[in-house]
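The values are calculated or read from the model by the stated rules, or taken from the named source; none is laboratory data. These figures come from a predicted structure and were not determined experimentally. Glycine also receives a Cβ, built like all others from the backbone with ideal geometry; neighbour counts cover every protein chain displayed.
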């Protein structure tokens, strides 16, 4: 049996399946549309974010450039730069980690050292040894740069050796002593000459006997100037001595004892020597020596002369002797040659050193050495002044 209206619904109406299909399609379309719109929103949001980051970086860069420009302007204007955090001085209140470690290590080490007597003793001994080495280096007796001088009053002092004077090169291991007379030997051959110096104080001299004893030359005093009166006198035994030496065929040298206080007096002495030597000129092969010195237990004329004055007087005499045609020579002991005259101004002249030592320590060059003033030689009664010469003047 049909109800009213059944025919219309069955034939031309919309069924449930159609309705569900429409709903599904609609939902699908809505989902698609939502996805599209949502994607567009995300794309727009990402680009805006990147743009904002870029703008922020640009703003920071501009801010830094602006700050740098202001700082530069401030410096040019004399303004002090703005302080930074690391510029604040309260950071110094906190020691660095490395310093803390070093202090801790030092404290630990000190604690250990104080507990180790052996280490302390070793360190003290090392320090004492170091100080001794330093003192030895600064000791004028061992530094090789000083020489010891004995002054007139007996005091001693170390004097710096001059780098401007020629040093002697003698090797005293080559020195031989035969019957009290010194000889310098090289390769088994004698390269030195034995001499004596004589005056009226020597007394009577037998020249043949001293020659037979091995003497090669004599240095004869010609005269002297009085140390108080200033009077020049000829040695009383000069004529006898020089003629006796020539007859015995000994080489002859001369010396004069000076008390000149001016260059003119020195020239006067040189002329006096040359005048009295003229008859014996051909026989005087060894030098003519200038002997100036103080006197013992009295005051001499030259006491008031300065070192420069004595050097000038010495030069005047020696140049006068050279002009007369003889070899000039300076006589003196170590103290005189180093302290009383300036040898840097007298280097053109040979030196006759007086030093009674087994080995002389005069550091500079010399040609003749008086090593004994109380020697023994056959032909001279009493003490003899003994010399050794390192130059063969007879062949010069």
Worksheet item: If a residue has to be free of Cβ contacts under 8 Å to residues at least 40 places away in the same chain and part of a strand (DSSP E or B) to count, how many in the range 141-160 make the cut?
Response: 5
Worksheet item: Is at least one residue of the range 349-362 crowded, with 21+ Cβ neighbours inside 10 Å, under 24 Å from residue 230 (Cα atoms), touching a strand residue (DSSP E or B) at 6+ places or on another chain (Cβ under 7 Å) and in the same structural domain as residue 193 (by TED's automatic domain parsing)?
Response: no
Discussion item. I need the full set of residues from the range 371-396 which are farther than 14 Å from residue 215 by Cβ, in contact (Cβ under 8 Å) with a residue 24 or more places away in the chain and loosely packed, with under 15 Cβ neighbours inside 10 Å, in order please.
Written reply: 381, 382, 396
